[in-house]
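In what follows, a single structure is set out as structure tokens and then discussed.
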Amino acid sequence: MKYYDYKVRVRYAETDQMGVVYHGNYAQYFEIGRVEWLRSLGVSYKRMEELGVMLPVVSLTMNYKRPAKYDEELTIRTVFKECSGVKIEFDYEIYNEKNELLTTAYSMLVFVDMKTGKPTLPPVYIVEKLENIK
């Protein structure tokens, strides 16, 4: 699956005084999208960490087109770009209920060995799942 859509509803606590999503909350939306995209492939962040590998974000860029507002249902589209060496890259799009594009983003994450704290190649079981993506 090259991309995965996941829906969330904007909660009051995620908005600012103007009733729009505070810009800092978008990183959480992208994390939700990424975790659910991996889950749709049968990969669990929790299990990956139990096996000694973490996946920290090393780069995140966002472009805001329109505001997301309180109580709107958002669609977070997570698009797999590539996995090469120790890094994995994603693009994101967030749409509102009217299918208007609100935000785009890009992230790069690096597989890290939790014991050494150093970059490592992705686990074989993840590489196998990613090889099947068209």
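The values are calculated or read from the model by the stated rules, or taken from the named source; none is laboratory data. Small disclaimer: the values here were computed from a predicted structure and weren't measured. All Cβ positions, even for glycine, are placed from backbone atoms using ideal geometry, and neighbour counts span all protein chains on display. Calculation scope for accessible area: heavy atoms of the full protein, side chains included, ligands and nucleic acids excluded. Shrake-Rupley method; radii C 1.70, N 1.55, O 1.52, S 1.80 Å.
Laid out as a table, the results:
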| quantity | calculated |
| --- | --- |
| Of all residues in the stretch 34-59 being within 13 Å of the chain's Cα centre (by Cα) and β-branched (Val, Ile, Thr), the one that is farthest from LYS69 (Cα to Cα) | VAL58 |
| LEU74 being at pLDDT 95 or above, farther than 17 Å from ILE133 by Cβ and either in contact with a helix residue (DSSP H, G or I) (Cβ under 9 Å, 6 or more places away or on another chain) or surrounded by fewer than 17 Cβ atoms within 10 Å (Cβ to Cβ) (or both) | yes |
| Residue in the stretch 108-128 that is closer than 17 Å to PRO56 by Cβ, in contact (Cβ under 8 Å) with a residue 24 or more places away in the chain and among the acidic types (Asp, Glu) present | yes |
| Residues of the stretch 79-134 satisfying the condition of being of a type in the set (Ser, Thr, Tyr) and surrounded by 14 or more Cβ atoms within 10 Å (Cβ to Cβ) | TYR92, TYR95, THR103, THR104, TYR106, SER107, THR120 |
| Index of the failed condition, GLU131 passing every other in (1) of a type outside the set (Gly, Ala, Ser); (2) at pLDDT below 95; (3) under 19 Å from GLU31 (Cβ atoms) | (3) |
| Set LEU41, LEU60: member being modelled with pLDDT of 95 or more and farther than 21 Å from ASN96 by Cβ | LEU60 |
| Those residues of the stretch 1-33 which are over 17 Å from ASP71 (Cα atoms), acidic (Asp, Glu) and outside any strand (DSSP E or B), in sequence order | GLU31 |
| Index of the failed condition, ILE126 passing every other in (1) in a helix (DSSP H, G or I); (2) more than 18 Å from TYR3 (Cβ to Cβ); (3) at pLDDT below 95 | (2) |
| Residue check for LYS69: within 23 Å of LYS2 (Cα to Cα), touching a residue at least 12 places away in the same chain (Cβ under 8 Å) and charged (D, E, K, R) | no |
| Filter result for LEU41 (hydrophobic (A, V, I, L, M, F, W, C), open to solvent by 80 Å² or more (accessible area, probe 1.4 Å) and under 16 Å from PRO123 (Cα atoms)) | no |
| Test result for PHE30, in contact with a strand residue (DSSP E or B) (Cβ under 6 Å, 6 or more places away or on another chain), at pLDDT 95 or above and closer than 17 Å to ILE133 by Cα | no |
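A quick yes/no check of all residues on (1) in contact (Cβ under 8 Å) with a residue 40 or more places away in the chain; (2) acidic (Asp, Glu):
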site	(1), (2)
ASP16	no, yes
GLN28	no, no
LYS46	no, no
GLU50	no, yes
VAL79	yes, no
ASN96	no, no
THR104	yes, no
